[in-house]
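A short reminder: the numbers here are calculations on the coordinates, not readings from a lab. Quick caveat, the model's predicted, so the values are computed rather than measured.
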Amino acid sequence: MSGSGISEELMRWLTFLNHDNMEGVKDAMKKNEKIKKAEEEMQYLTGDEEVRRIAELREKYLKDISTAQATGEDIGFDKGYDKGYDNGYDNGYDNGYDNGKVENEINTIISMYEDGLEVPRIARIIHKTEEEINRIIKENTN
């Protein structure tokens, strides 16, 4: 074995890990206490049905936790997206409506003024003060 460039210790571990030569495994266990301990642990873990069942249940639990977390994140994202969309739509609609009302009111005041109506009469019709009407006319005409 040493002629191949691989140490005997490494070969013992490879024999143990492959488990294809039980005589080689037994020999490796005699010569290396750590390999013996690893074989005992492996026999314990693979040989005890209850330990295997516990390991499987733990693995299932961890997968379930991961799935639940991912699902919770998806639900949270969807709720946040929906709420943000709804709020944005509502705010946009409300702002657009309000801006449209103001724009319409300004256009009406300017049209009335350009048609020759006097500021006091426009103020009475629109229900604004003369000062507000004069400001709107000043800001929106040349």
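Per-structure values
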| read-out | value |
| --- | --- |
| Residue-wise HN-Hα coupling along the range 32-43, computed from phi with Karplus coefficients 6.51, -1.76, 1.60 (Hz; x: Gly, Pro) | 9, 5, 5, 5, 4, 5, 4, 5, 4, 5, 5, 4 |
| Structure-derived mean projected area of the Cα convex hull in nm²: which label, when the choices are (1) 8.7; (2) 21.8; (3) 11.2 | (2) |
